[in-house]
Amino acid sequence: MLKKILIISFFSLILRWQSWELPLNRDEGAYAYMATRFFDSDFVLYKDAFDHKPPGIHLLYWVGFQIFGESELSVRTLSFINSVASTLIIIKILEIVKVKKKFLLVSFYMLMANSFVLEGLVANTEMFMVTFLVLSLLLIIQKKLYFLAGVLAGLSFLIKPVAFTNIGVLVISLFFLKSKFLAFVKFVVGVVVPVAAVFMYFYLRGVWSVFWESVVVFNLSYVISGIESVIDKVGLVGIVTRGNLLMNMLLVSALVLGFVYRKKLNKQRIIFLLWLTAYWIGAKLTSRDVLHYYFPIISAGILIFGVFWKEKLAPKIFFVNMLVFLILWGYLWFIDPRNAYTKTFGSTVRYAYEGREIGFEIKKRTSEKDLIFLWIDEPEILFYSNRNSTSRHLNTFGTLIPGQLEVLIKGLSKKPKVMITYGGQEEKWFLEFLMESKYSIENKYSVARIYWREQ
């Protein structure tokens, strides 16, 4: 086992060479900032800092910071460890289903999961959700430790709520594998325990209503508004058909194998086909085509190739997928990280790079008690500067909640030492505040304008 861990770690390090100096992006920056304050006596998540994600991802970052220190490198190390862990779990599942060519499958999984194509090099919620889910799936397939399998599934839900679709497949798998009633009870109780513990924590902290509004109400409105918006633009057919090419390749491959060998479907094949379908439904729930939403489909696609491998068509489709992947995206490993990230994610990558520069500059020119006002969606600035915001809003995203724009604007009364906006996108109320106050403007960044309060 140790030899296997060392080999996987070695090749993962090579494949992830571009990740070590990547700046934290908007999502990572928010998680990192909150994780540095997670258990501070004067800080309560959701009350003092808005986020719409459950606290699982913040807790993971906090654990990483306790072990490796509060730094950008710690986030990348946590992501690396997660990648190695998920690979080892995939190997174990392939061994259980008795796949002979698992070396090829695991190699392809590592290539896809440790690349920029579906943001595999970043530390977003989907990457960690997958690891907890596949470990839970492994335990279910092995027919043991059902309570632990449930706990892992519950933790995946607390990292990313869309995990509920795959938790449903885990329950179905218990039926398929003819598990005893006690196994169902243990699994369900395991799922409930971490979720109930989180609910109790925020209730006892006296912020239940804020937690509910931020995590439950906001996410429901986020999903509904996304679906309505996309239906208006592209219709239901567009929601189903559009998406990343890699995701579509794996999805179509699974559909072809499932259809061609429909008369040979056994319990394992049905479970893994449902597993991929659940990931796809979870990714499509918000109807927003974000790359990392599709990351979970990589592992599901590999598992499907594994259970169909002995069929004549499966290896051929697999090698076509591998060839297309290497031809279209293989070059990304051989160019500089910023360019590779931009090729897949888009020009907004520059926000993260400049956000890091701005954060370090603010840290150099301010004291710890100085506050920052953000009218920009880059909370990584707060993490890099180790400074606090004038309100609970670390970016403008949360101001979509009725009344929260006023909360953010009210933060101006705290006379922030520095204010940051997207250059040329200042609101009228902000410009009026500048007219009344003494701030000097710096416009040396391509993305942001910085306003420093004069002494």
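The values are calculated or read from the model by the stated rules, or taken from the named source; none is laboratory data. Only a predicted model underlies this, so the values are computations on that prediction, with no experimental measurement involved. Don't worry about glycine lacking a Cβ; one is built from the backbone with ideal geometry, like all the others, and counts go over all protein chains shown. These accessible areas exclude ligands, DNA and RNA; they are computed on the full protein's heavy atoms, side chains included. Shrake-Rupley method; radii C 1.70, N 1.55, O 1.52, S 1.80 Å.
Here are the numbers for this structure:
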| item | result |
| --- | --- |
| With Cα atoms, 0 to 90° folded angle of helix 2-15 axis to the chain main axis | 50 |
| Mean accessible surface per residue for the range 130-206, computed with a 1.4 Å probe while every protein chain stays in place, in Å² | 46 |
| Accessible area per residue, Å², the range 287-369 with all protein chains present, probe 1.4 Å | 47 |
| Straight-distance crosslink candidates among lysines, where the alpha carbon sits under 19 Å from Lys438 and sequence neighbours closer than 8 are dropped | Lys410, Lys414, Lys415, Lys417, Lys428 |
| Between the range 55-112 and the range 345-383, the Cα center-to-center distance that results, in Å | 29 |
| Members of Lys186/Lys284; Lys92/Lys178; Lys102/Lys267; Lys160/Lys310 lying beyond 24 Å, as alpha-carbon distances in this model show | Lys186/Lys284; Lys160/Lys310 |
| Nearest-ten-degree value, helix 181-204 long axis tilted from longest Cα axis of the chain | 0 |
| Contact order normalised by residue count of the range 334-455, Cα under 8 Å, 6+ apart, percent | 22 |
| Crossing angle, helix 296-308 versus the chain [Cα axis fit, 0-90 degrees, rounded to tens] | 10 |
| Computed helical MRE - 222 nm, the chain, DSSP H runs ≥ 4 contributing -39500 (n - 2.57), nearest 500 | -20000 deg cm²/dmol |
| Solvent-accessible area, 1.4 Å probe, carbon plus sulfur percent, for the chain | 66 |
| Computed lengthening from Leu177 to Phe319, 0.36 nm per intervening residue step minus Cα-Cα distance | 48.0 nm |
| ³J(HN,Hα) computed for each position of the range 273-280 - Karplus, 6.51 cos²θ - 1.76 cosθ + 1.60, integer Hz, glycine/proline x | 5, 5, 4, 5, 4, 5, 4, 5 |
| Using θ = phi - 60° and Karplus 6.51 cos²θ - 1.76 cosθ + 1.60, couplings along the range 60-69 (whole Hz; Gly, Pro as x) | 4, 4, 4, 4, x, 5, 5, 8, 10, x |
| Sites matching trypsin sites (Lys or Arg not before Pro) across the range 251-302 that sit in DSSP coil, with at most 16 neighbouring C-beta atoms within 10 Å | Arg288 |
| Of the GluC sites (Glu not before Pro) in the range 333-412, those whose Cβ has at most 11 other Cβ within 10 Å and which sit in DSSP loop | Glu368 |
| Neighbour-limited loop hits for chymotrypsin sites (Phe, Trp or Tyr not before Pro), the range 39-118 (at most 14 other Cβ within 10 Å; DSSP other than H, G, I, E, B) | Phe39, Phe43 |
| Å² per residue, accessible surface of the range 1-93 at 1.4 Å | 40 |
| Prolate/oblate/rounded call for the chain, Cα gyration tensor, a/c under 1.5 rounded | prolate |
